[in-house]
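To keep things clear, I will list the structure first and then write my remarks on it.
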Amino acid sequence: MTQNKMGMAMRGDGIVRFGLLEKGRAAASGNFRDYGIALIVFASIAFCLHLDADSTLAFQDLLGVCAWVFLFALLRGESRLVQAQVLVAVAFATVGEHFASPYMEGYIYRFHNVPAYVPPGHGMVYLTAVALARSELFKRNLKAITAMVLTAGGLWTIWGLTGAAQKDAVGALLFVVFVLFVLFGRSPGVYLGAFFVTTWLELIGVSYGNWRWVPIDPVLELPQGNPPSGVAAWYCLVDAVALGTAPAVVKGFIWMQAALWRRYLYPEVVPRLLFAPHLQQDYIPALAPVVLS
């Protein structure tokens, strides 16, 4: 009995250790993916904006095609919910871009357009914020990262109000919104991640001259920086829309997929492709649950 109990205990301990090892490997794989996404997007932003600084409109369109390819490649392996969130973020941010830039001219791109790489770029930025939020670095150090971001953003806001050549009252308002989202919002890690990536792209884009923020915001009629210090607050709004809308998008996609299967693929295509001609049609309904699962 003792040996059996010891043997069972040893086997049980081995199972536990094996399970922990598998979990550790899965966590390491997830971290590698999250950090890889962040590294690729940060590097892509710098490279793309550098190339676009003196490019033609046709080359901008080529950069847009490349950005879409990169975005869909990065989305492979993500859950349907994250994919839906990213697509909602792209749609919402693109509408906002066309309203804020060509229509209201709160900031102006070189060709007075919305460059073709901007919509997929929004998806990459949002995905990076999500990847950083779920990484072990953010999970283990969320309080420290929060303190660092709020301190850096606060100093940037104070400088924008007092020392910047282009005063930044709009940035101060946006930073207040950003702080409220970080402290009381649903996904503070995403907002903190968005701060890093949006600050990176704004400073690079403005320094290269890819776009510029006008001195007076046309909506609020207040001075704004180039770029505003609290620009990451816009991604808090994007995230709120994405979180609220994505589940419905996923359900709609699944329903449409099932409807197309039952209406077209299952009764017409599948029997012809998968079943032998001599197989009686009466057998196909019986096999439907197996195929649909």
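Each value in this text was obtained by applying a stated rule to the coordinates, not by laboratory testing. What you are looking at is a predicted structure, and each value in this text was computed from that prediction instead of being measured. All Cβ positions, glycine included, derive from the backbone under ideal geometry; neighbour counts span all protein chains shown.
Selection among LEU222, VAL130, ALA172 by position relative to the dipole of the stretch 114-226 gives VAL130 as farthest towards the positive end (Cβ unit charges, Cα centre). What share of all Cα pairs of the stretch 47-164, in percent, falls into each consecutive 10 Å distance bin? Computed distribution, short to long bins: 12, 30, 35, 22, 2. A Förster radius of 35 Å combined with the Cβ-Cβ distance from VAL65 to LEU161 puts the calculated FRET efficiency at roughly 0.30.
Think of the stretch 38-174 as a dipole: +1 on every Lys or Arg Cβ, -1 on every Asp or Glu Cβ, centred on the Cα centre; then among SER79, GLY154, ALA38, SER79 lies furthest on the positive end. Rg over Rh for the stretch 84-146 works out to 1.13, using Cα positions for both radii and the Kirkwood form for Rh. Taking amide H atoms as placed 1.01 Å from N in the peptide plane, the amide H of TYR107 lies under 5 Å from those of VAL214, each 5 or more residues away in sequence or on another chain.
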